[in-house]
Amino acid sequence: MFPGGKKGMKDLMKQAQKMQQDLAKAQEELANLVVEGSSGGGMVKVKMNGRNQILSMKIDPEVVDSEDIEMLEDLIIAAVNEAQEKISDQSEDEMSKFTGGIKIPGLY
């Protein structure tokens, strides 16, 4: 038998439902999160949402050099990677509130 009988089981179910609702809300907030990654001292800036979708990109004209496309490509990659890392860090921080710091595969 469950400690506390039926009332204890109902209370536990209510807590689980609330936790599930809170988790869904946190995931939605994270999906709507917007972060900015930059590289080259701010010469390349990328805004990305919590779904890892690029929302905008700004490239300073000074960094555009037709003789050195590779540098521009590297700056774009660095800015995108920084934005993705910020999303990942914020997602882990938010989800750890629900897991007590335990990493659960597939949760975030």
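If residue 58 satisfies every condition in (1) exposed (fewer than 13 other Cβ atoms within 10 Å of the Cβ); (2) not in a helix (DSSP H, G or I) but one, which is the exception?
Condition not satisfied by residue 58: (1).
Among the residues of the stretch 61-83, which ones are of a type outside the set (D, E, K, R), within 30 Å of residue 24 (Cα to Cα) and crowded, with 16+ Cβ neighbours inside 10 Å?
Passing the criteria: 79, 80, 83.
In this structure, is residue 54 farther than 28 Å from residue 95 by Cα, touching a helix residue (DSSP H, G or I) at 6+ places or on another chain (Cβ under 8 Å) and hydrophobic (A, V, I, L, M, F, W, C)?
Criteria not met by residue 54.
Just to be sure I understand the filter: pairs with C-beta atoms under 6 Å, separated by 6 or more residues or on different chains, first member in the stretch 21-41 and part of a helix (DSSP H, G or I), second member of a type in the set (Asp, Glu). Which pairs pass?
Matching pairs, first to second residue: 26/94; 30/94.
Restricting the search to the stretch 2-55, which residues are exposed (fewer than 11 other Cβ atoms within 10 Å of the Cβ) and over 30 Å from residue 79 (Cα atoms)?
2, 3, 5, 6, 7, 13, 14, 15, 16, 17, 18, 21
Where a number appears in this text, it was derived from the coordinates with a stated rule and is not lab data. Quick caveat: nothing in here was measured; it's all calculated off a predicted structure. We place every Cβ from the backbone using ideal geometry, glycine too, and count neighbours over all the protein chains shown.
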